[in-house]
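In what follows, a structure is listed as structure tokens, so that the remarks can point back to it.
The values are calculated or read from the model by the stated rules, or taken from the named source; none is laboratory data. From a predicted model like this one, the values you see are computed outputs, not experimental measurements. Cβ coordinates were reconstructed from backbone atoms using ideal geometry, including for glycine residues, and neighbour counts include every protein chain displayed. Please note that ligands, DNA and RNA were not included when accessible areas were found on the heavy atoms of the full protein model with its side chains. Shrake-Rupley method; radii C 1.70, N 1.55, O 1.52, S 1.80 Å.
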Amino acid sequence: MAVRAHWKGSLKLSLVSCPVLLYPTTTTVDKTRFHMINKETGHRLKQQMVDAETGDVVEGDQKARGYELKKDEYVEIEKDELDAVQIESNHTIDIDSFVPKDEIDKRYLNHPYYIAPDGKAGIDAFAVIRDAMKDQERVALARIVLTNREHVIAIEPLGKGLLGTTLRYPYELRDEGAYFDDIKNPRISKDMIELASHILDTKAAHFDPSKFKDEYENALKTLVRRKAAGKPVRIEERGEKTGNVINLMDALKQSLKGRAAKRRVHSPARRARHRPAKKAHRSPARARKAS
């Protein structure tokens, strides 16, 4: 089934523009989900809005939006008042500037979207914008209105299309100082740093998301299959957690020793040394010559 476009409009760079479509890059379709059910009847439950004070069920025409001024005191905001301040979308992605990609703080990255040309009419303009960005090795910063809010979106080439990632505003980020300022800077010996660096080198690899395994999701699917088939589910007891390591240097050495042992077991040379030696066979001529 074709994926429905999340947004439809135009990508504009100065006087050059082309029709584009935005598609979500992620999906949760394959994730295991549960519904609340009645254990006695097996029927699904539905949620209702209930007045926190009276306990009465609130019908649709009684519901309203309220902003909490202080505890248990709200100011009601009418729908037409909200509509008046919402930003009207012009269905245009206006590119404002181009910045080096490495200057974008990863904490600002929010939701990614695929940007593809909409039809054949603007394919030339789309290709011009995409390929110009490839040559510049920069990311475009643009403005877009999604769900009545204006967002800044970073746009970069991705294969034959473009990748657009909405960015968070500064007020949405927490200051790292609140979490990092109290971290002490202990004196660490050079030997410890070198040993830890060596362990890092032994674990060097390349980014390969195909190796990512969602063990919890797999366990959920197995659980559901067994329950649906009427098979027993074995619940294993969890082992006790080990205590914290006291001697950091010993822990680093032990980690390195474990990595070295694993490499020896899996190395071809190591396996070759464990093979039984072949018996020497002399030819009759060589045996007579030896005698």
Subject >> Which numbered condition F98 misses (of (1) in contact with a helix residue (DSSP H, G or I) (Cβ under 8 Å, 6 or more places away or on another chain); (2) in a helix (DSSP H, G or I)) >> reply: (2)
Original post:
Tell me, which residue of the range 81-104 that is among the charged types (D, E, K, R) and under 22 Å from L146 (Cα atoms) is surrounded by the fewest Cβ atoms within 10 Å (Cβ to Cβ)?
Top reply: E88
Original post:
Would you pick out the residues in the range 132-144 that are open to solvent by 20 Å² or more (accessible area, probe 1.4 Å) and either out of contact with any Lys or Arg (no Cβ under 9 Å at 6 or more places or on another chain) or closer than 14 Å to S17 by Cα (or both)?
Top reply: A132, K134, D135, Q136, L141, R143
Subject >> Positions within the range 132-159 being assigned to a loop (DSSP other than H, G, I, E, B) and without any contact (Cβ under 8 Å) to a residue 12 or more places away in the chain, in sequence order >> reply: T147, G159
Original post:
Mind checking whether some residue in the range 71-78 is under 30 Å from I153 (Cβ atoms), surrounded by 10 or more Cβ atoms within 10 Å (Cβ to Cβ) and modelled with pLDDT of 90 or more?
Top reply: yes
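Conditions (1) touching a Phe, Trp or Tyr at 6+ places or on another chain (Cβ under 9 Å); (2) closer than 23 Å to D30 by Cβ; (3) small (G, A, S); (4) open to solvent by 80 Å² or more (accessible area, probe 1.4 Å), marked per residue:
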{"site": "G164", "(1), (2), (3), (4)": "yes, no, yes, no"}
{"site": "L195", "(1), (2), (3), (4)": "no, no, no, no"}
{"site": "L200", "(1), (2), (3), (4)": "no, no, no, yes"}
{"site": "K213", "(1), (2), (3), (4)": "no, yes, no, yes"}
{"site": "Y216", "(1), (2), (3), (4)": "no, yes, no, yes"}
{"site": "T222", "(1), (2), (3), (4)": "no, yes, no, no"}
{"site": "V233", "(1), (2), (3), (4)": "no, yes, no, no"}
Original post:
Quick one: how many residues across the range 105-131 are part of a strand (DSSP E or B) and either over 13 Å from L162 (Cα atoms) or open to solvent by 50 Å² or more (accessible area, probe 1.4 Å) (or both)?
Top reply: 4
Subject >> the range 22-43 - residue that is of a type in the set (A, V, I, L, M) and more than 27 Å from the chain's Cα centre (by Cα) and, of those, most open to solvent (accessible area, probe 1.4 Å) >> reply: M36
